[in-house]
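Enquirer: Have a look at the structure that comes next, please.
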Amino acid sequence: MEIKPVQGSSLCHLFLVILCLNITSCSFKHLTEVQNLDTSAPTAKECGSCHVEQYSEWQKTAHARAFISPEFKLQSNQYQDQDCLFCHSPGDVQNPDREARSFNRNEGVTCVACHLHNGAMNGPHKSGALFSPHAIAQNDKLNSRIDSSQLCGTCHEETYEQWQSQRLKKQFPTCHGCHGVSTTRTHTKGTGFFSNMLVAFEPEHKVRSHYLIIPDQPGQGIGPDLQLAEIENDTIQFSLTNSLPHDLPTGSFGEKELFLVLSWLPTDETAARKKIIIIPSVIAPGETKVFTTKLPKEGYRKGLSVDLFRFHESTEEDTLIRSYPLIIAPAQPSTPHDKKK
Ligand code: HEC
Ligand code: HEC
Ligand code: HEC
Ligand code: HEC
Ligand code: HEC
């Protein structure tokens, strides 16, 4: 437990601090006693009792599933392959020894792996609350380290190398700058009378969510760009440019298939049509690939739109990366096919 000197002589503050001390000194002892990650550390759920939002965001990520994912279990030969564990069930990621944890392994890339280093929680800010139930790093280097792409690059090695070389050409955001949602909040949330009072003494910070998103910000150079190059007869040609600082699709592990879904409403019918184009290989940063495809003769009454998806082997799910609505506007008064006739 670390206590700040009480500013002023507010009796109310003093009363609260004494109250907090009484409540916390017994129940949070294990948080303050954590020195390293050799034998044990608090679970994510325990951190989540105060960091309510961070915990619920993290639970939804691939980080929380990194160890229990059935695909990982299978490919790591039922966890026998020790080489996989530093990234899928890491100890202290800031420790150059790159060791795996032997406890709470089910939690995959868990809170303490990123935050606990040399007996203190490393976060982007210095301590600012009235009291801290655990030690907090008060060191500019450690504070900025947590917010760096380098931290992510400890495990996302190839992606990080690509980002680094693209950064030499353009001022791209950090990994978290694109993959986290910006929000303003206190570090903890109250879940009862006492915790509500404690949170009332915490400053708000501008932070980024732990939930990892696929950023989609058209016009800001973030996300892959699709352009219609040419329409000739019933052949349409378009180009896809990877404007990201890393490969499209990204990642070194598992099968990651990228595909385009073309949708249009034919002139003579009401039922919408779809056509899938599988993108055969990875598109490197800055690279443009051109695709040509034939559309059926019946034209497109309400225009043509394209969605870019990727398939994940581990979840067997298709994720929408970006929609390009109406890359061809509705045909007025006639469709390109009608013109030809
Ligand atoms: C009893 C409530 C409580 C528990 C449990 C708790 N924390 Fe905290 N934590 C806080 C408070 C309060 C602060 C803000 C302290 C301050 O500013 O001095 C904080 C600050 C932090 C910060 C620093 C944020 C920054 O921007 O610098 C990190 C990181 C952090 N906690 C991670 C954790 C992790 C990981 C766990 C589980 C091992 C955990 N906390 C458990 C209450 C808690
Ligand atoms: C300790 C290793 C490690 C660190 C550090 C790490 N990651 Fe990951 N990350 C993983 C693993 C492993 C997976 C894949 C888990 C799976 O699919 O089973 C993953 C998955 C992801 C995904 C896929 C998203 C999803 O939910 O499907 C994104 C995006 C990501 N990480 C971004 C980041 C960012 C941003 C950082 C830095 C703040 C970071 N990672 C730090 C190991 C790490
Ligand atoms: C992959 C690494 C990683 C993991 C795992 C992780 N964090 Fe963080 N955490 C970060 C990064 C990066 C930031 C800085 C975000 C920002 O820019 O605001 C952060 C910020 C924080 C903060 C301060 C900002 C805020 O939102 O109040 C707290 C508190 C925190 N994390 C708690 C947790 C808890 C609790 C868990 C587990 C449920 C957890 N973290 C898991 C990387 C991680
Ligand atoms: C300019 C914004 C931007 C930056 C910066 C960025 N990414 Fe991405 N990232 C994206 C977009 C958009 C996608 C979706 C396309 C794809 O899947 O390849 C993506 C996809 C990913 C994926 C796959 C997501 C999934 O669902 O499996 C991972 C993992 C990832 N990025 C990690 C990183 C890491 C690590 C860094 C930093 C070294 C980083 N990204 C930097 C925009 C960004
Ligand atoms: C250097 C860190 C690192 C090591 C070592 C590592 N992984 Fe991963 N793994 C990741 C990251 C980061 C991701 C998510 C992004 C990507 O694919 O690059 C991931 C994703 C995965 C996925 C999910 C793929 C998908 O499509 O969703 C599987 C399965 C996987 N790894 C298996 C393994 C196995 C098996 C080993 C050991 C032979 C291993 N990994 C070793 C970092 C690592």
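Just so it is clear, none of the values below were taken in a lab; they were calculated from the coordinates. Fair warning: this is a prediction, and the values are worked out from it, not measured in the lab. As a convention, Cβ positions derive from the backbone with ideal geometry for all residues, glycine included, and neighbour counts pool all protein chains shown.
Enquirer: Taking the conditions exactly as written (within 16 Å of ligand 3 (Cβ to nearest atom) and surrounded by fewer than 16 Cβ atoms within 10 Å (Cβ to Cβ)), does residue 215 satisfy them or not?
Expert: So residue 215 fails the test.
Enquirer: Go through region 60-99 and give me each residue that's more than 13 Å from residue 314 (Cα to Cα), assigned to a helix (DSSP H, G or I) and more than 18 Å from the chain's Cα centre (by Cα).
Expert: Listed by number, the residues that qualify are 82, 83, 84, 85, 86.
Enquirer: Filter region 280-307 for residues that are touching an Asp or Glu at 6+ places or on another chain (Cβ under 8 Å) and in a strand (DSSP E or B) and give the result.
Expert: The answer is 283, 294.
Every residue, every condition in (1) in contact (Cβ under 8 Å) with a residue 12 or more places away in the chain; (2) β-branched (Val, Ile, Thr); (3) over 21 Å from residue 178 (Cβ atoms), yes or no:
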| position | (1), (2), (3) |
| --- | --- |
| 234 | yes, no, yes |
| 237 | yes, no, yes |
| 244 | yes, no, no |
| 252 | yes, no, no |
| 259 | yes, no, yes |
| 265 | yes, no, yes |
| 276 | yes, yes, yes |
